[in-house]
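> Pasting a structure here, questions to come.
Since every read-out is calculated from the coordinates, none of them should be taken as a lab result. Note that this is a predicted model, so its numbers are computed, not measured. Note that we place each Cβ from the backbone using ideal geometry, even for glycine, and neighbour counts take in every protein chain shown.
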Amino acid sequence: MNDMALLVDLHKGALRQGPGGDAQTEQALQLAGVDRDQPLHIADIGCGTGASSLVLARLLNAHITAVDFLQDFLDVLQARARAQGLDDRIQSQCRTMDDLPFEEASLDVIWSEGAIYNIGFERGVREWARFLKPGGLLVVSEISWLTAAPPDELRGHWEKVYPEIDSPSAKLGLLERNGYAPQGYFALPDSCWLDNYYSPMEAGFGAFLERNGNSEAAQAIVAAERREIALYRRYRTHLGYGMYIARKCHPG
Ligand code: SAM
């Protein structure tokens with residue numbers, strides 16, 4: 001198995017593939033003041049196995065296009081949607097986030113939890129804006145510093161993994177410069193990382209290694225995840241995931 005297939009194998013059984021929480025998805029909807037009865041077309045970009053799509057489908061009167069470039073994740077999402085009686089509201093599309101299948105100004109909402117970093121926050125918010133109707137809503141979560149001076153070890157690691165990591169004020173400024181009016185920001189609580197993401201992943205390491213014959217490549221993936229988890233546990237007051245909520249400005 002190559003590294004991508006191993007990563008899919010490690011993550012596809014999980015309820016989510018990054019830090020987040022159903023309550024925080026709902027909190028973002030509340031902060032944005034979304035009318036739950038209004039018919040909406042929503043794109044969930046980098047949807048994984050459907051953590052946020054399923055919450056949005058349950059809470060809103062929405063048609064959701066769930067986009068990911070991994071069909072394995074989309075298959076799990078569709079099975080979960082069927083099991084919850086939400087499959088008539090969610091349609092999946094296997095596409096990359098830099099080649100989205102939407103018409104200009106066709107979406108009421110773009111939602112993306114823990115995924116925009118794959119093309120970079122600035123590029124994502126700039127390129128995706130054209131798909132939103134004027135006044136349309138953008139909700140993205142993004143890894144962010146929680147303090148002005150994160151420790152060197154933490155900064156060194158994350159600046160190598162994701163050079164765009166920055167403060168919430170810098171991210172909000174980027175939104176403003178790219179034609180959005182910020183509506184809100186909050187940092188995800190620790191439980192979104194530890195209870196909802198890292199702990200279930202850690203619990204699966206043994207079975208993952210066994211399934212993959214304890215191969216060197218599988219061991220390397222587990223070691224890298226363990227390093228990231230240890231850094232988070234040590235320095236979590238400095239590092240977080242921000243939920244950024246903004247509306248596309250009307251022209252003129
Ligand atoms: N939103 C989900 C969640 O919160 O559980 C998944 C987050 S996971 C950290 C990032 C997701 O982005 C994965 O499902 C991955 O397959 C997807 N992804 C990565 N690069 C992508 C790309 N270029 N185009 C589309 N999806 C991509």
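> Among I110, I119, I45, which one shows the highest mean-square fluctuation when the chain is modelled as a Gaussian network with alpha-carbon springs under 10 Å?
In the Gaussian network model the winner is I119.
> Taking neighbour Cβ counts within 10 Å as the exposure measure, how do W158, W193 sort from fewest upward?
Fewest-to-most Cβ neighbours within 10 Å comes out as W158, W193.
> Let me ask something else. Amide H neighbours of T49 under 5 Å, at least 5 residues apart or on other chains, H built in the peptide plane: list them.
Q17
> Still on this structure: For K248, what is the net charge nearby, where nearby means another residue's Cβ is under 14 Å from its Cβ and Lys, Arg count +1, Asp, Glu -1?
Result for the neighbourhood of K248: +1.
> For a footprinting-style exposure proxy, rank Y244, Y198 by other Cβ within 10 Å, fewest first.
Fewest to most other Cβ atoms nearby, the residues stand as Y198, Y244.
> Give me the net charge for the shell around E113: Cβ to Cβ below 15 angstrom, other residues only, Lys and Arg +1, Asp and Glu -1.
Here the charged neighbours net out to -3.
> Relative contact order for the chain: what percent, with Cα pairs under 8 Å and sequence separation of 6 or more?
Across the chain, relative contact order equals 24 percent.
> Under the rule of -39500 (n - 2.57) per DSSP H run of 4 or more residues, summed and divided by the residues of the chain, what mean residue ellipticity at 222 nm is obtained, to the nearest 500 deg cm²/dmol?
Values: 11 runs with 106 residues, N = 252.
Estimated from H runs of four or more residues: -12000 deg cm²/dmol.
> I've got another one for you. Antiparallel as a % of all DSSP beta bridges within the chain, to the nearest 5?
So the antiparallel bridges in the chain amount to around 45 percent.
> If you take every residue apart from E26 with its C-beta less than 12 Å away from the C-beta of E26, what net charge results, scoring Lys and Arg +1 and Asp and Glu -1?
Residues close to E26 contribute a combined charge of +1.
> Right, here's the next one. What three numbers, in Å, describe the spread of the alpha carbons of the chain along their principal axes, ordered from the longest?
Reported extents, whole Å, longest axis first: 56, 45, 30.
> Hydropathy at least -1.0 by Kyte-Doolittle, axial extent at least 27 angstrom from the Cα trace: which helices of the chain, defined as entire DSSP H runs, fit? Show your work: numbers first, answer last.
Details: long enough: 216-235 (28 Å, -0.34).
Membrane-span-like by this criterion, though nothing is claimed about a membrane: 216-235.
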